[in-house]
Amino acid sequence: MKTLGRKIFLEDYEIVVSIGVHDFEMKSPQRVLVNVELDLTPQTPPTQDLIGEVLDYDFLRERIQDMIVERHFQLQETLCHEIAAMCLGCPGVVRVRISTRKPDVYSDCRAVGYEVVAEP
């Protein structure tokens, strides 16, 4: 079998982040939904069915969590670009699509968000 492309993703990963520019956002952390989509270099499928043969989802979740601890982000754009840069530093990643959504900011819309698509 010839693999033409590979992709991994985290969908609606819910984290609690100190983020925002409004006074009410500065007072307490809020829920942010993070979506990470990574295009990987084509390669053969894992041969030994071992986690070391692939990019580990747990690793991505932990790195994102570490990034937000004890820090305030004013902008979703900053958070997205920092996640993108971290992901582009992972072996085999050739393109990223990162988005964040804040579902609890306004009562008259489902969420506000930002998305970035980047390559090394």
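Every residue in segment 44-87 that is of a type in the set (Lys, Arg) and in contact with a strand residue (DSSP E or B) (Cβ under 8 Å, 6 or more places away or on another chain), please. If the condition is that a residue be of a type in the set (Lys, Arg) and in contact with a strand residue (DSSP E or B) (Cβ under 8 Å, 6 or more places away or on another chain), then 61, 71 are the ones that fit. Of the helices (runs of 4 or more DSSP H) lying entirely inside segment 1-106, those carrying at least 3 residues that are farther than 15 Å from residue 119 by Cβ, over 13 Å from the mean Cα position of the chain (by Cα) and charged (D, E, K, R) are 23-27. Out of 69, 105, 32, one residue alone is touching a Leu at 6+ places or on another chain (Cβ under 9 Å) and β-branched (Val, Ile, Thr). It is 32. Reported count of residues in segment 72-118, each being farther than 18 Å from residue 62 by Cα and among the polar types (S, T, N, Q), is 4. If the condition is being among the polar types (S, T, N, Q) and farther than 21 Å from residue 67 by Cα, then segment 1-37 contributes only 3. When the residues of segment 88-99 are filtered to those that are of a type outside the set (A, V, I, L, M) and touching a strand residue (DSSP E or B) at 6+ places or on another chain (Cβ under 7 Å), the one that is farthest from residue 32 (Cα to Cα) is 92. Just name the residue that is surrounded by the fewest Cβ atoms within 10 Å (Cβ to Cβ) out of those in segment 93-120 that are free of Cβ contacts under 8 Å to residues at least 40 places away in the same chain and of a type in the set (Ser, Thr, Tyr). Across segment 93-120, the extreme among qualifying residues is 107.
Every number in this text was worked out from the coordinates using simple rules, so none of it is lab data. The structure displayed is predicted, hence computed values, not measured ones. Here the Cβ is made from the backbone with ideal geometry for all residues, glycine too, and neighbour counts use every protein chain on show.
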